[in-house]
Amino acid sequence: MRHFLTLKDYTKEEILEIIELGLRIKAEVKAKRFTPYLEKQTLAMIFEKSSTRTRVSFETGIYQLGGMGLFLSSRDIQLGRGEPMKDTARVISRMCDMVMIRTYSQSKLEEFASFSNVPVINGLTDEYHPVQLMADYMTMMEHGKDRNPVVAYIGDGNNMAHSWLMLAAKLGFELRIATPKGYECNPEIVVDAMEFAQRSGAALLFTNDPEDAVAGADVVTTDTWVSMGDEEEKEKRLRDFAGYTVDEKMMKLAHADAIFLHCLPAYRGLEVTEDVLEGPQSVVFDEAENRLHAQKGVMVWLDGKRDEV
Ligand code: CP
Ligand code: NVA
């Protein structure tokens, strides 16, 4: 049994196999064929933070695969009243076939997984958002940006930056991360990623100059400056991130046919301007839709049905 907690645990071949699986299921659905690969299976979806895309994509995804999703907000289940993760894990994993969790620390997710006897999927932690990157790379493939791409990530050294690091390190492409001073990526995650990069040939570059990062890039991406859990620092962050807005001037420095990605939700006028988000290079809604398709790939793969698709 495998969990899907971070891309660190997956090889390049596995990552690509899962995305290809998602693409094959996407093609079936576009041809109006809904094969019940996960018939009668239940996916428990535990949310300790808000969500639009993750909730809707997993719930719709499991339903279209013939199963059903259970939306479990920590406000409603006993976890929110102090029932330990390890007890919650043992109870839920005796009743459900798969679990998705959105929580704070990666260690809480790992604790759940270590007590679960069914596959656990990371639906976002403070450290990583791996299912988002499966959708992001699927979108890059569909837009022809999967051959030795140069990706520029502009903004906070957060869960999205860490996930991009792991994806680049595993797949072997060039990633440039520009963060303001004091908002760099977690050094332990950087060391891990560097080790994988040595083997894959990925170039991982870090700077405090967004223009440097974006020059000639094939993909430009950013994320909110105030992640869930950072709300108290909002005012300071908005000051510290001045100059990091992805605007048309910055996009002009990238490759002429570069695409713009954003995991959403986007805060217009902060990390990205309205012009870029709504502009011709932006593929953020293809990316959002691909959450549904990529995660079906993840669920079917974890269930061991990869050869049936
Ligand atoms: N990108 C993403 O995970 O969105 P939600 O927070 O709406 O799930
Ligand atoms: N970095 C953001 C991503 C939201 C999908 C957060 O953690 O809030």
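Just so it is clear, none of the values below were taken in a lab; they were calculated from the coordinates. Bear in mind the structure is a predicted one, so any value in this text is a computation, not a measurement. Cβ coordinates were reconstructed from backbone atoms using ideal geometry, including for glycine residues, and neighbour counts include every protein chain displayed.
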The helix 106-115 Cα axis meets the longest alpha-carbon principal axis of the chain at an angle in degrees, between 0 and 90 and rounded to 10, of 20
Across all Cα atoms of the chain, Rg and the largest Cα-Cα distance (Dmax), in Å, are 18.8, 54
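If each residue of separation counts as 0.36 nm, what is the full-extension length gain between residue 308 and residue 181 once their alpha-carbon separation is subtracted?
Details: separation 127, 0.36 × 127 = 45.72 nm, distance 4.86 nm.
Contour length minus Cα-Cα distance gives 40.9 nm.
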Helix 159-171 sits off the longest principal axis of the Cα atoms of the chain, rounded to the nearest 10 on a 0 to 90 degree scale, by 90
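Rounded to the nearest 20 Debye, what is the dipole magnitude of the chain about its Cα centre when Lys and Arg each give +1 and Asp and Glu each give -1 at the C-beta? List each step's numbers first, then the result.
On the way: 36 positive and 50 negative charges, 197 e Å.
The dipole of the chain has a size of about 940 debye.
Given an 8 Å cut-off on Cα distances and at least 6 residues of separation, report the relative contact order of region 144-282 as a percent. Mind showing how you got there, number by number?
Values: 260 pairs, mean separation 36.3, N = 139.
Relative contact order of region 144-282: 26 percent.
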With +1 on the Cβ of every Lys and Arg and -1 on the Cβ of every Asp and Glu, the dipole magnitude of region 144-282 about its Cα centre, in debye rounded to the nearest 20, is 340
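Viscosity 0.890 mPa s, temperature 25 °C: what is the translational diffusion coefficient of region 1-131 from Stokes-Einstein with a Kirkwood Rh over Cα pairs, rounded to a whole number of µm²/s? Provide the component values of the computation, followed by the final result.
Numbers: Rh = 15.3 Å.
Answer, rounded: 161 µm²/s.
So if R0 is 35 Å, what FRET efficiency would residue 199 and residue 256 give, r being the distance between their Cβ atoms, rounded to the nearest 0.05?
So, using R0 = 35 Å, E works out to roughly 0.60.
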Comparing 94, 53, 102 in a Gaussian network model of the chain (Cα, 10 Å), the one with the largest mean-square fluctuation is 94
Any chymotrypsin sites (Phe, Trp or Tyr not before Pro) in region 6-87 that lie in a DSSP loop and have at most 13 other Cβ atoms within 10 Å would be 34
Mean shadow area (nm²) of the C-alpha convex hull around region 19-65 is 3.8
Rounded to the nearest whole number, the per residue volume of the convex hull around the C-alpha atoms of region 149-197 in Å³ is 59
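Which whole-number value in Å³ per residue fits the convex hull of the alpha carbons of region 144-282? Please list the in-between numbers first.
Values: hull volume 13.4 nm³, N = 139.
Roughly 96 Å³ of hull volume per residue.
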Taking Cα atoms only, helix 187-200 is inclined relative to the longest principal axis of the chain by an angle, in degrees rounded to 10, of 90
Counting only DSSP beta bridges with both partners in the chain, the antiparallel fraction in percent, to the nearest 5, comes to 0
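Test of understanding: what is the full-extension gain from residue 275 to residue 238, defined as 0.36 nm times their sequence separation minus their Cα-Cα distance?
11.3 nm
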The simple spin-label model distance between residue 268 and residue 13, using points 7 Å out along Cα→Cβ, in nm, is 4.7
With Cα springs under 10 Å, the Gaussian network model of the chain assigns the largest mean-square fluctuation among 12, 32, 86 to 32
Against the 2.2 N^0.38 Å rule of thumb, the C-alpha Rg of region 213-308 sits at a ratio of 1.32
Amide H contacts under 5 Å for residue 150, restricted to residues at least 5 apart in sequence or on another chain and with H modeled in the peptide plane, are 218, 219
Once the dipole of the chain is set up from charges on Cβ (+1 Lys and Arg, -1 Asp and Glu), the residue from the list 84, 260, 277 lying farthest towards its positive end is 84
Toy charge model, Lys and Arg Cβ at +1, Asp and Glu Cβ at -1: region 72-169 dipole around Cα centroid in debye, rounded to 20, equals 160
